[in-house]
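See structure below.
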Amino acid sequence: QVQLVESGGGLVQPGGSLRLSCAASRSIGSIRTMVWYRQAPGKQRDLVASITNGGITTYADSVKGRFTISRDNAKNTVFLQMNSLKPEDTAVYYCSAPWRASVYWGQGTQVTVSS
């Protein structure tokens, strides 16, 4: 089993930055892909970014060039650096880890972009 704990969310003005962290309860070295999702009120949960053990990254078109996903296997942590934030980035951000036929989720961290 994998427990995931997100942190780093908060209120930020448009154009600002936040860095989200996702700490895992076990080594993530055996977890091939780590993923960030987000869910805005009344909307479905959408993939934001993913990263493989080999460092291959993918991004939603809406965040390309603004967000950067990274992972530190030694610290069992995945990060999401978010720059040039927009009001439409407001959502609850979730970390996810597909592992051994199951998918594990964190509790989410709220990101609000507003002036």
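With a 1.4 Å probe and all protein chains left in place, how much of the accessible area of the chain comes from carbon and sulfur atoms, in whole percent? Solvent-exposed carbon and sulfur of the chain make up 47 percent of the total. With Cα atoms as the point set, the radius of gyration and Dmax of the chain evaluate to 13.3, 43 Å.
Once the 1.4 Å probe is applied to the protein heavy atoms, the chain comes out at 52 Å² accessible per residue. Using the Stokes-Einstein relation with a Kirkwood hydrodynamic radius computed over Cα pairs, the translational diffusion coefficient of the range 26-85 at 25 °C and a viscosity of 0.890 mPa s comes to 201 µm²/s.
The values are calculated or read from the model by the stated rules, or taken from the named source; none is laboratory data. Since the structure is predicted, the reported quantities are computational estimates derived from the model, not experimental observations. In case anyone asks, the SASA skips ligands and DNA or RNA and just uses the protein heavy atoms, side chains included. Shrake-Rupley method; radii C 1.70, N 1.55, O 1.52, S 1.80 Å.
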